[in-house]
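The values are calculated or read from the model by the stated rules, or taken from the named source; none is laboratory data. Because the structure is a prediction, the values reported are computed rather than measured. Using ideal geometry, Cβ is built from the backbone for each residue, glycine included, and neighbour counts are taken over all protein chains shown.
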Amino acid sequence: MTTAPIGFRVVGATENRREVVSYRKAMLAYCHADPAVQPALPAFLSAFAFPVAFRDHVAATGSTRAYAGPVGVPALNFDLDRTDPAAALSDARRLSYYLADRYACDIVVAFSGGKGYHVSVPTGGFIAPSPAAHRVAGALAVRLAGEVGVDIDTGFYDAVRLWRAPNSRHSRSGLHKVRLDLDDLLYLDPAGVRRLAVDPIPYDPPFAQAPPLRLVDDWREAARQVDRDDQARCERHAGAPRGGRINPSTRLLLTDPTAVAVGERHKVVFSAAADLAGFGTVEALVAALVTDPALDTGLPPGEVARQIACGIHHGRPPGEGGAV
């Protein structure tokens, strides 16, 4: 983690100023409920950590936006947010015990102070910062949550996403984000969890532990999958032999969503969104979606291509080359 020592913090509303901080020092202060950080105030830290170049970016632009440099992953984070408190607790219990068993490490489970739970697996600093690390984290988290049928916030894995600071107070509920023991998840009901969150609960974050070997293997496999997805997008944009076709799993989701296996739903939805987002133009996406079904009607490939091209031209708004 020493290669990504920088983070940022926001005090109060999420739209407030991003303050560049030492990731480790800020995390320790909030975990310890240090009076210097005023845990009675709502606060957020960056979900990821960054090299010193991030500080230079903020100094030059005045914002964390548009940062495209390397990202560090001090912990693999999961955000569970539900309207039903009992369902949220049940999902947090299922996911937390699965991760604790899979990685045999000291995971951090916290009540968010609002409607959900946050689960973190410390990485032990083995992940080298890279421009794609936050995307690998998202791919791996979606896969792991999907293996136990738990929905997580998949939009959380932007490089500069906010993560509610430990022990800080939730502005709407007035409760604190507090760490829970795994036993708490087993024996407490939602009301009991909320009673624990009336005040901060200081704890020592598991920074120093060695990375779980299985997490290292899982991370490498997720990184390979992200690389494969990126290569497929490059091939589509370059007109490679794939021919602009959408992935089979994307096709299945669009045409027969009930056929997607329960344990595969999260991964398939995430993969389909990434697959469709990879088409650089609306025209390429239209062609990819329509070509296979059109061929299934019995039209020859040349006629399918011609009719799609004509339809795209006709459908464009007037003034953009479309029908008037």
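Does region 88-122 hold any residues that are hydroxyl-bearing (Ser, Thr, Tyr) and either touching a strand residue (DSSP E or B) at 6+ places or on another chain (Cβ under 9 Å) or buried (at least 23 other Cβ atoms within 10 Å of the Cβ) (or both), and which are they? Break it down into steps so the answer makes sense when it comes.
Filtering region 88-122 down to residues hydroxyl-bearing (Ser, Thr, Tyr) leaves 90, 96-98, 103, 112, 117, 120.
Those that are hydroxyl-bearing (Ser, Thr, Tyr) and either touching a strand residue (DSSP E or B) at 6+ places or on another chain (Cβ under 9 Å) or buried (at least 23 other Cβ atoms within 10 Å of the Cβ) (or both): SER96, TYR103, SER112, TYR117, SER120.
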Pairs returned, first residue in region 15-34 that is surrounded by 16 or more Cβ atoms within 10 Å (Cβ to Cβ) and modelled with pLDDT of 95 or more, second residue that is in a loop (DSSP other than H, G, I, E, B) and of a type in the set (A, V, I, L, M, F, W, C), beta-carbon separation under 6 angstrom, 6 or more apart or interchain, are TYR30/ALA165
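Would you say VAL73 is buried (at least 18 other Cβ atoms within 10 Å of the Cβ), aliphatic (A, V, I, L, M) and at pLDDT below 95? Break it down stepwise before answering.
Values: buried (at least 18 other Cβ atoms within 10 Å of the Cβ): yes; aliphatic (A, V, I, L, M): yes; at pLDDT below 95: no.
When the stated conditions are applied, VAL73 does not pass them.
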Going through (1) hydroxyl-bearing (Ser, Thr, Tyr); (2) within 17 Å of ASP199 (Cβ to Cβ); (3) part of a loop (DSSP other than H, G, I, E, B) one by one, THR3 fails only at (2)
Considering region 191-215, residues that are within 30 Å of VAL136 (Cα to Cα) and small (Gly, Ala, Ser), and then whichever is surrounded by the most Cβ atoms within 10 Å (Cβ to Cβ), we arrive at ALA210
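Does ALA141 fit the bill of being over 18 Å from VAL178 (Cβ atoms), in contact with a strand residue (DSSP E or B) (Cβ under 6 Å, 6 or more places away or on another chain), of a type in the set (A, V, I, L, M, F, W, C) and at pLDDT below 95? Step through it out loud before you land on a result.
Working: over 18 Å from VAL178 (Cβ atoms): yes; in contact with a strand residue (DSSP E or B) (Cβ under 6 Å, 6 or more places away or on another chain): yes; of a type in the set (A, V, I, L, M, F, W, C): yes; at pLDDT below 95: no.
So ALA141 fails the test.
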All conditions in (1) at pLDDT below 75; (2) exposed (fewer than 12 other Cβ atoms within 10 Å of the Cβ); (3) not aliphatic (A, V, I, L, M) are true of THR255 except (1)
